[in-house]
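Undergrad: I am attaching a structure below and will ask some questions about it afterwards.
The values are calculated or read from the model by the stated rules, or taken from the named source; none is laboratory data. These numbers come from a predicted model, not from an experiment. As a convention, Cβ positions derive from the backbone with ideal geometry for all residues, glycine included, and neighbour counts pool all protein chains shown. Just so you know, the surface numbers come from the protein's heavy atoms only, side chains and all, with ligands and any DNA or RNA stripped out. Shrake-Rupley method; radii C 1.70, N 1.55, O 1.52, S 1.80 Å.
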Amino acid sequence: MKFRTLLIFYFIFSYPFHAQVVFEKVPKDKQLFGRDIQTNYGQINIEGYVNIGLNYNLEFANWSATEPNNTPSPENAAEIVNSYGKWNDRNKNDTDESYVEFEGLINSLGNLVYLGQYAGHSYFRNTQNLNWNDAKQAAENLGGYLASIHTSEESSAITSFGFFRGWIGLYQDIDDSNYSEPFGGWKWVSPTTYNENEYEYLKVEFLRNGTIVETYNQNLEYSNDIANFNFEIPILAELAKYRIKVYGYSQSEEFLLNDADDLVSGDAIIVQGQSNAAAVMYNGSSGAYQNDYLRVYSGGYTNSSSVISDDQWYYAQGDGNENSGGNAGQWGLSLAKMMKDQLSIPIAIFNGAHGGQPIAFFDRPVDYQNSTNSNYGRLFYRLNKSGLKNYVRTILWSQGEADSFANGLTASQYEDAFEQQISFWQEDFPGLEKYYIFQTRDCNCGTYFNGRKEIKEAQRQLALNNSNVEIMPTTGMQLHSDNCHYPFVNGYEKFATRIFPLVMQQLYEITLQEQIYAPMVTNISVSDNVIEIETNAESLISNSNDNNSLTNSLSNDFILSDASLNIVDFQIQSNKLLLILNQPPSVGTYISLIGLSPNLQDNITNSSGLEIIPFSDICISGDCDNSVNSGDEDKKSAMVFVEDGSGNV
């Protein structure tokens, strides 16, 4: 047993001769706390215990970079792995040599190899290759124990004795209340002890913009050398920065134990999907949208070790890639800034996007709650650890290109996959109210034409058949030179400006403009050589005085399966678009709207500049059963009916 006079590493400063304080819950700098939308308050929890007795918990840590990572799982014992004395977590059932410690000054212990002495203890090498449990038992049978390294000085001493790879006395107690992968529940086989003065009470100072607004005191009552404490502090969701300072008091002396600054309360959103959800900087910066009240916990890292090792809060940034701390994506950042300005509350953004991946990549695996090896597991880990998984208001989705290849999904397969995702999200993030889909753009970046049509139609059907799903087209946005992504201006920025009024109206009941929905087709009929496309818009408008140029654009956008048909003119009648053909369509003709041009003057829109939502392969002649159903009378569209020239549906 070792006798120590150092405070646990959670402290901002170290003072001798006082008890160990363990914070099981304590705020971090820049942390955002989820607000209750009824009261507009969040809650800061400060929980833990004061220990004046034996301490088995891990204080000093010397993990190698990206360790512990519990990969491959399970890894719940530790070993020294290099000449710097760094540690790695490893499966207990693996075999290795081991470091053995003995309390006392001796140079012989069984048949072990003597290493050296430090602070009244002797250290030895067990050259037998044993699993961790057997190595532990072998050391104890000789009156020692696996080396328990409680300080950097002790670590340096052991390193100086000469390196070999071997077990140490650090293990993960999976039954401990603080157990979590990969950092929680680590303990030593041999404790330190704190024969020190105890704290009589703790005090929390609560400051708003640098001024103390409340003070909380709690007396400590010890039982078996342990005194628990718990503070619950309400924090108003507003554009103000809060701070907490935790003090311990012993024999009239005050000691600062924890100091967390720049704390806020607000709402959380998720951005998810492929590279157009990651929305890194391709051309033009989103830096003008950065703001102190937009927060990100960790980052949308594409690997397990990075997300685990980054345990801090950031001011959100939009220009970095998935593997940069604090990434929100360009349009995620822009949307959050618009929300913050309108609502006067902070916003947290969780961007989990991963470029180039099909929808199956985002599935929820069985082990998502205790493994960060999957995309879903990493997103869940961040939201759970930050305390915000119950405070997510919406998920915004931009994905589908990777399912648009020749061997990609059909519309019904994609729709089923997304609805399965919704069911998972609702279980894990119960505060979710709406899902917003950015319809995949018809841009050829290695995808398949018919595949793109399938995915776009699936996304449209999702909005029709699910009352909690909305859709926004991406037609009228400028593509980047790679024909896959977008610049910031007239690209990713427009993702945010388009969806922002919809989010405000549906989640916050704030109406910013009248026509917030993109026009959805509600009925298609054919009479002779005229196709009448009715939408749910209040009205449609042409954005060009050049009728011939716009007709050419419509000819490129509307695809007719009968190659002999051409669009020769068009008319707009209120909320209807009439396409005039060179001749009546033949039996079995289908029509699709693919959405090609980013230019406003090349598109028919509503008064807010939103284009008609693309659709795929609707039969306009013949005896075709090709209706689009709506699962909710309140949705913006009902059905698409097709009639022949005689008025028969």
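Undergrad: State which residue is surrounded by the fewest Cβ atoms within 10 Å (Cβ to Cβ) when the search covers only region 406-437 and only residues that are hydrophobic (A, V, I, L, M, F, W, C) and more than 18 Å from the chain's Cα centre (by Cα).
TA: So, considering only residues that are hydrophobic (A, V, I, L, M, F, W, C) and more than 18 Å from the chain's Cα centre (by Cα), the one surrounded by the fewest Cβ atoms within 10 Å (Cβ to Cβ) is Ala406.
Undergrad: Could you look through region 465-482, keep only residues that are modelled with pLDDT under 95 and open to solvent by 30 Å² or more (accessible area, probe 1.4 Å), and pick out the one that is farthest from Asp416 (Cα to Cα)?
TA: Result: Ser481.
Undergrad: If Ser73 passes every condition in (1) under 28 Å from Gln317 (Cβ atoms); (2) within 23 Å of the chain's Cα centre (by Cα); (3) open to solvent by 20 Å² or more (accessible area, probe 1.4 Å) but one, which one does it miss?
TA: Of (1) under 28 Å from Gln317 (Cβ atoms); (2) within 23 Å of the chain's Cα centre (by Cα); (3) open to solvent by 20 Å² or more (accessible area, probe 1.4 Å), only one is false for Ser73: (1).
Undergrad: With a cut-off of at least 3 residues that are open to solvent by 30 Å² or more (accessible area, probe 1.4 Å), name the strands (runs of 3 or more DSSP E) lying wholly within region 165-263.
TA: Per the criteria, 201-208, 211-219, 226-236.
Undergrad: Among the candidates Leu396, Leu343, Leu379, Leu383, which residue alone is surrounded by fewer than 19 Cβ atoms within 10 Å (Cβ to Cβ), within 22 Å of Arg35 (Cβ to Cβ) and in contact (Cβ under 8 Å) with a residue 60 or more places away in the chain?
TA: Answer to the selection: Leu343.
Undergrad: Another one. Mind listing whichever residues of region 486-515 are modelled with pLDDT of 95 or more and in a loop (DSSP other than H, G, I, E, B)?
TA: Tyr486, Pro487, Glu509, Ile510, listed by residue number.
Undergrad: In this structure, is Ala157 modelled with pLDDT of 95 or more, assigned to a helix (DSSP H, G or I) and over 25 Å from Asn70 (Cβ atoms)?
TA: no
Undergrad: Sticking with this structure for a sec: In region 500-522, what residues are open to solvent by 30 Å² or more (accessible area, probe 1.4 Å) and aliphatic (A, V, I, L, M)?
TA: If the condition is that a residue be open to solvent by 30 Å² or more (accessible area, probe 1.4 Å) and aliphatic (A, V, I, L, M), then Ile510, Leu512 are the ones that fit.
Undergrad: Count, please, the residues in region 444-461 that happen to be hydrophobic (A, V, I, L, M, F, W, C) and crowded, with 23+ Cβ neighbours inside 10 Å.
TA: Residues that pass the stated criteria total 2.
Undergrad: Pairs under 7 Å by beta carbon, first residue in contact (Cβ under 8 Å) with a residue 24 or more places away in the chain in region 350-367, partner surrounded by fewer than 19 Cβ atoms within 10 Å (Cβ to Cβ) and of a type in the set (Val, Ile, Thr), six or more apart or different chains?
TA: His354/Thr302
Undergrad: For region 87-97, enumerate the residues that are of a type in the set (Asp, Glu) and open to solvent by less than 40 Å² (accessible area, probe 1.4 Å).
TA: Asp89, Asp96, Glu97
Undergrad: Would you confirm whether any residue within region 300-307 is open to solvent by less than 20 Å² (accessible area, probe 1.4 Å) and within 25 Å of Asp36 (Cβ to Cβ)?
TA: No, because not a single residue in region 300-307 is open to solvent by less than 20 Å² (accessible area, probe 1.4 Å) and within 25 Å of Asp36 (Cβ to Cβ).
Undergrad: Still on this structure, please answer the following. Ser525 is checked against (1) over 27 Å from Arg393 (Cα atoms); (2) of a type in the set (S, T, N, Q); (3) open to solvent by 30 Å² or more (accessible area, probe 1.4 Å) and fails just one. What number does that condition carry?
TA: Condition (3) is where Ser525 drops out.
Undergrad: Please list, ordered by first then second residue, the pairs with beta carbon atoms under 7 Å, 6 or more apart or interchain, first in region 596-610 and of a type in the set (Gly, Ala, Ser), second surrounded by fewer than 16 Cβ atoms within 10 Å (Cβ to Cβ) and in a loop (DSSP other than H, G, I, E, B).
TA: Short answer, once both residue conditions are applied: Ser607/Ser539; Ser608/Gln513.
Undergrad: Sticking with this one: Checking the condition surrounded by fewer than 19 Cβ atoms within 10 Å (Cβ to Cβ), of a type in the set (Phe, Trp, Tyr), in contact (Cβ under 8 Å) with a residue 40 or more places away in the chain and assigned to a loop (DSSP other than H, G, I, E, B), which residue from Tyr56, Tyr49, Tyr84 passes?
TA: Answer to the check: Tyr84.
Undergrad: In region 207-233, how many residues are within 29 Å of the chain's Cα centre (by Cα) and under 27 Å from Gln20 (Cα atoms)?
TA: Qualifying residue count, region 207-233: 4.
Undergrad: Looking at Ala336, Ala279, which is the one that is on the phi > 0 side of the Ramachandran plot and within 15 Å of the chain's Cα centre (by Cα)?
TA: None of the other options fit; the residue is Ala279.
Undergrad: Would you call Asp310 of a type in the set (Asp, Glu), within 26 Å of Ala260 (Cβ to Cβ) and out of contact with any Lys or Arg (no Cβ under 9 Å at 6 or more places or on another chain)?
TA: yes
Undergrad: Name the residues in region 135-154 that are in a strand (DSSP E or B) and open to solvent by 10 Å² or more (accessible area, probe 1.4 Å), would you?
TA: Matches in region 135-154: Tyr145 only.
Undergrad: Being out of contact with any His (no Cβ under 6 Å at 6 or more places or on another chain) and either of a type in the set (Ser, Thr, Tyr) or surrounded by fewer than 20 Cβ atoms within 10 Å (Cβ to Cβ) (or both) is the filter here; which residues of region 483-499 pass it?
TA: Correct list: Asn483, Val489, Asn490, Tyr492, Thr497.
Undergrad: Please specify each residue of region 571-624 satisfying the condition of being among the charged types (D, E, K, R), open to solvent by less than 60 Å² (accessible area, probe 1.4 Å) and part of a strand (DSSP E or B).
TA: Listed by number, the residues that qualify are Lys576, Glu611.
Undergrad: Find the residue count for region 267-299, including only residues that are hydroxyl-bearing (Ser, Thr, Tyr), within 23 Å of Lys28 (Cα to Cα) and not in a loop (DSSP other than H, G, I, E, B).
TA: Final tally of qualifying residues: 1.
Undergrad: Evaluate the following for Ser122: is it free of Cβ contacts under 8 Å to residues at least 40 places away in the same chain and of a type in the set (Gly, Ala, Ser)?
TA: For Ser122, the condition - free of Cβ contacts under 8 Å to residues at least 40 places away in the same chain and of a type in the set (Gly, Ala, Ser) - is met.
Undergrad: Here's something else I'd like to know. Kindly provide the set of residues from region 448-470 that are touching a residue at least 40 places away in the same chain (Cβ under 8 Å) and over 23 Å from Gln506 (Cβ atoms), ordered by number.
TA: Within region 448-470, Tyr448, Gly451, Arg452, Lys453, Glu454, Ile455, Glu457 qualify.
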